[in-house]
Amino acid sequence: MMSKKKCKRLYEEAKTQTYDAIIVPGVPYDGNKWTRTMKGRVYWAKHLYEEGIAKNIIFSGSSVYTAYYEAEIMKLYAIEVGLPDTNLFAENKAEHSTENVYYSNKLGKNLGFDNIALATDPVQGNLLGRFLRKNMNGMKVIPFVIDTLEQMEPIMTDPVIDDTLALNKDFQSIEERESKWKRFRGT
């Protein structure tokens, strides 16, 4: 995991520019409520948007472990917490962290976005660092700053969404389609 000091440094660097879009990787949704990780990623994206660091947000994730498209679920939550639908996009192909970045970057480029960064938690940001350097021209990571998220907690709500809008009726779990080793390598 990245240290608090490194997260703050990367955030301070990100504040010096505006990204056309940030990529927010998906998290499984169980059909009941969002996890703490998903909530953190959505609110971090909201913070980056409201601070003017990101103009647009690309949520990424297929229906991997559950029957819900992760990107669509996060987009629904993002709308409910006050982000404008016109600046939110969903990429529904990715089944692994590396694919979140690859497919979202491709979508962003097709939408005309040039300057794209990854916004996620420090653990995932650290795991993807080498992949970003080698395969994504050194795409920047803007990891959570835990202190900032903690300050936001009093205003973080748990909105109700219509999760049927993100249901994959043809779902088959990745655990049935890929070995544990292949899933690990994709992350």
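Taken over the stretch 7-40, the residue count meeting the criterion of being closer than 17 Å to Leu128 by Cβ and touching a strand residue (DSSP E or B) at 6+ places or on another chain (Cβ under 7 Å) is 11.
How many residues does the stretch 121-160 contain that are under 19 Å from Lys46 (Cα atoms) and either assigned to a helix (DSSP H, G or I) or of a type in the set (Asp, Glu) (or both)? Number of matching residues: 15.
The rows are residues; the columns are (1) more than 15 Å from the chain's Cα centre (by Cα); (2) open to solvent by less than 30 Å² (accessible area, probe 1.4 Å); (3) not β-branched (Val, Ile, Thr).
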| site | (1), (2), (3) |
| --- | --- |
| Glu80 | yes, no, yes |
| Leu83 | no, yes, yes |
| Thr86 | yes, no, no |
| Glu91 | no, yes, yes |
| His96 | no, yes, yes |
| Ser104 | no, yes, yes |
| Ile146 | yes, no, no |
| Ile155 | yes, no, no |
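For Gly125, indicate whether it is on the phi < 0 side of the Ramachandran plot and buried (at least 19 other Cβ atoms within 10 Å of the Cβ).
Values: on the phi < 0 side of the Ramachandran plot: yes; buried (at least 19 other Cβ atoms within 10 Å of the Cβ): yes.
Answer is yes for this residue.
If you filter the stretch 158-183 down to residues that are among the hydroxyl-bearing types (Ser, Thr, Tyr) and either under 20 Å from Glu70 (Cβ atoms) or in contact with a Phe, Trp or Tyr (Cβ under 6 Å, 6 or more places away or on another chain) (or both), you find that the one that is surrounded by the fewest Cβ atoms within 10 Å (Cβ to Cβ) is Thr164.
Being open to solvent by 30 Å² or more (accessible area, probe 1.4 Å), touching a strand residue (DSSP E or B) at 6+ places or on another chain (Cβ under 7 Å) and among the aliphatic types (A, V, I, L, M): is that true of Leu118 here? Answer is no for this residue.
The values are calculated or read from the model by the stated rules, or taken from the named source; none is laboratory data. Only a predicted model underlies this, so the values are computations on that prediction, with no experimental measurement involved. Note that each Cβ is placed from the backbone with ideal geometry, even for glycine, and that neighbours are counted across all protein chains shown. Keep in mind that these areas ignore ligands, DNA and RNA; they rest on the heavy atoms of the full protein, side chains included. Shrake-Rupley method; radii C 1.70, N 1.55, O 1.52, S 1.80 Å.
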